[in-house]
Amino acid sequence: MQETNKTTVQPNKQQLLNRLKRIEGQVRGIHQMVDNDRYCVDILHQISAIQSAMNKVSLALLEDHTHHCVANAIKGQDGENAIKELMDVMKTMTK
């Protein structure tokens, strides 16, 4: 995964942080389930819930990025680079 030095202000930062805290709690719950020898199917259901929650976080970030960063880049004549970057991240997300 490539990391850049770019920064941005997340317009829905608190909502994202709240979701991530819930996901973090769910992951800790799965750890306890495994430690307590819970039924595999119950653990798999919880993993599915976490994957769904992470997808929602990803889509929220993608939407914010498109509406702000990409839109501003297009207005500032750097649209081709922003679109390429967006497509690259979409390819990574859909692997």
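Annotations for the structure displayed:
- Taking θ as phi - 60° and the Karplus parameters 6.51, -1.76 and 1.60, the scalar couplings of the stretch 17-24 work out to 4, 5, 4, 5, 5, 5, 4, 4 Hz in sequence order, x denoting glycine and proline.
- Euclidean distance between Cα centres, the stretch 9-26 to the stretch 58-95, Å: 21
- In the chain, the longest principal axis of the Cα atoms and the axis of helix 40-64 are about 20 degrees apart.
- Tensor-based shape of the stretch 28-82 (alpha-carbon gyration tensor, a/c under 1.5 rounded, otherwise prolate or oblate): prolate
- Too-long pairs where the Cα-Cα distance tops 18 Å, listed order kept, from Lys13/Lys84; Lys13/Lys56; Lys21/Lys95: Lys13/Lys84; Lys21/Lys95
- Anisotropy class assigned to the chain is prolate, per the alpha carbon gyration tensor with a/c at or over the 1.5 cut-off and a/b larger than b/c.
Quick note: the coordinates plus some simple rules give every number you see, no bench work behind them. This one's a predicted model, so the numbers in the text were calculated from it and none came from an experiment.
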